[in-house]
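What follows is a set of notes on a single structure, which appears directly below.
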Amino acid sequence: MDRAALADFLRRRRATLLPTDVGLPSGARRRAPGLRREEVAQLAAMSVDYYTRLEQKRGPQPSEQILASLARALRLTDDERDYLYRMAGHSAPDRLTGGAHVSPALQRVLDHLDDSPALILSNLGETLLQNGLAAALLGDRTGLTGLERSEVYRWFVHPETERIRYPEDDRDRQSRAQVASLRVAYGTMGADSRAGELVRALQKASPEFSELWDRHEVAKRFEDHKTLIHPELGPIELDCQVLFTEDQSQCLLVLTAPPRSEAAEKLALLGVLGTQAFS
């Protein structure tokens, strides 16, 4: 671990960012350029004291989880993320393993979406980031761990909880789409990757998945029209648009409704009430 290089890198990256770059209000005039330490700590979900010690060259070696949070908070590119890991004494993550590092370009778009549910997914269907409306509509998925992080895993292993948000007559189509999308990731990442691990686990756990997997259907979903069923608001008809990174490893999924439609009114209500219980 190179504490001096790590500290200098963190300070300089913090100084290059404005609050508006990371989805924060600009606030009052600042004495120094860049984000405040407490803002970086807030974005990275860590204590201000811990982050301060890293910048002062006296902190402990950060874990890979901490580094992933810092890379996301500071909007690091892949090259910058790799440098951060190496200065902290870790190997740089493999860029093709469907890791948790969020594309800065997708994150910048997500930061400015507050009137539509939006989430950033890995190519294994793992929710890396989601805005408040997405959490209100779909539930908070960012805290899941292991194979449970993958939507396709939950879809086949926990159908009783995952499929209730879709109309019964649309569930077969969704099952095929989930498997076809996983085929794309499997073809890119290989049998010995996390995609291969996911496939083997699903083959053991779900005969339905095994049957669909054997069809060898391969397709990414670029756009869709779907109905999602919210437990309090009922059916909501939404258009789904997907924006992929250049290497196709992550995507930004945005759900929208036509202006002045019933679905738009329901989304507006979700925006006001969030994840609170509906009366």
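No lab work stands behind these numbers, since they all come straight from the coordinates. For clarity, every value in this text was computed on a predicted model and none was experimentally measured. Cβ atoms come from the backbone with ideal geometry, glycine included; neighbour counts cover every protein chain shown.
Compactness of segment 3-87 is given as radius of gyration and Dmax, 12.1, 36 Å, from Cα positions. In segment 154-274, the C-alpha radius of gyration followed by the widest Cα-Cα span (Dmax) gives 16.3, 49 angstrom.
Computed from the C-alpha gyration tensor, the three semi-axes of the ellipsoid equivalent to segment 162-226 are 21, 15, 10 Å, from longest to shortest. Taking the chain as a Gaussian network of alpha-carbon nodes connected by springs under 10 Å, the highest mean-square fluctuation of the residues LEU35, LEU121, LEU144 belongs to LEU144.
State the extension gain, in nm to one decimal, for the chain segment bounded by GLU217 and THR145, taking 0.36 nm per residue of separation less the distance between their alpha-carbons.
Working: separation 72, 0.36 × 72 = 25.92 nm, distance 2.75 nm.
Here the answer is 23.2 nm.
Taking the chain as a Gaussian network of alpha-carbon nodes connected by springs under 10 Å, the highest mean-square fluctuation of the residues LEU74, LEU18, LEU133 belongs to LEU18.
With a cut-off of at most 13 other beta carbons within 10 Å, and DSSP calling the residue loop, which chymotrypsin sites (Phe, Trp or Tyr not before Pro) in segment 163-255 qualify? Please list them.
Values: sites: TYR186, PHE209, TRP213, PHE222, PHE244; in loops: PHE222.
Sites meeting the loop and neighbour criteria: PHE222.
Springs join every pair of Cα atoms under 10 Å in this Gaussian network model of the chain, and among ARG81, ARG13, ARG215 the largest mean-square fluctuation is at ARG215. Estimated translational diffusion coefficient (Stokes-Einstein, Kirkwood radius over Cα pairs, 10 °C, 1.306 mPa s) of the chain: 78 µm² per second.
Report summary: the helix-based calculation at 222 nm, which adds -39500 (n - 2.57) for every DSSP H run with n ≥ 4 and divides by the residues of the chain, gives -13000 deg cm²/dmol.
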